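Data block below; observations after.
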Ligand SMILES: [Fe+2]
C-alpha cells in the first residue's frame, strides 16, 4: 500500500515494489543498452526517442500499473479523478556524478520516478551515505507566512523541502508542479523509469 511523505504544504507518494521494478528491468535492459546518449542531459535517455518509446509502451501492464498507483495516490489525498489518466514514460541510464538541476514537469498533473537498478563497482566505498539524493522543494511560498516567529525545528507540516536516498524498487509520485532535483553521487549505473500522468 502507498505511504505518504508530507512536507508543507504538499505530499510525496512513496512505494517499494521490487516485483514490478524487476519485471520492468527485464524490458528496460535491452532498450537502454541500445539507447542514445543525450548530450544535453549527460546520460542515456529514451526521452523523445520514438523507437525506444514504442518498444517500452508495447507492454500494457506498465501503463496499467502507473494508472493504478496514480489513482491510489490521488485517493489518499482525497481526490477522485473524473477523467481517464494517461501515462507517458521514458527510461534513463546515468553514471556517477550525473544529475539534473531543479526543475518541474509542465503539461501533466502527476509525475514520478521508478528506481529499476543501482550498481556501485567500487567496494571500497560500499556504504558511504549518501550515494544518491532525490530532493523535492515547494517553491510556492517565498517566505514563511509567520516568518517573524519561525517555528523551529521544522516539522512535516512546515518544511519546504524533503530529501530521499532512493534504493532499487523505490517508486516516488508527486504533483507535477513540485520542483525536484537528483544527484547521482557514486552509483556507476542508475536505471530509472520516469513517468508523467496526463488527463
Ligand atoms: Fe524530473
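The values are calculated or read from the model by the stated rules, or taken from the named source; none is laboratory data. All figures in this text were calculated on a predicted structure; none of them were measured in a lab. Backbone-built Cβ (ideal geometry, glycine too); neighbour counts: all protein chains shown.
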Requested in this report: Enumerate the pairs (first residue in the stretch 167-191 and at positive phi; second residue anywhere and in a loop (DSSP other than H, G, I, E, B) and surrounded by fewer than 21 Cβ atoms within 10 Å (Cβ to Cβ)) with beta-carbon separation below 7 Å, excluding pairs fewer than 6 apart on the same chain, so at least 6 apart or on different chains.
Outcome: 169/17
Requested in this report: Grab the strands (runs of 3 or more DSSP E) fully contained in the stretch 95-152, keeping just those with 1 or more residues being within 16 Å of the ligand (Cβ to nearest atom), more than 25 Å from residue 62 (Cα to Cα) and modelled with pLDDT of 65 or more.
Outcome: 98-103, 132-137
Query raised in the report: Restricted to the stretch 51-89, and to residues that are touching a helix residue (DSSP H, G or I) at 6+ places or on another chain (Cβ under 6 Å) and farther than 20 Å from residue 21 by Cβ, which residue is surrounded by the most Cβ atoms within 10 Å (Cβ to Cβ)?
Result: 85
Query raised in the report: Looking at (1) modelled with pLDDT of 90 or more; (2) within 15 Å of residue 183 (Cα to Cα), which is the only condition residue 66 fails?
Result: (2)
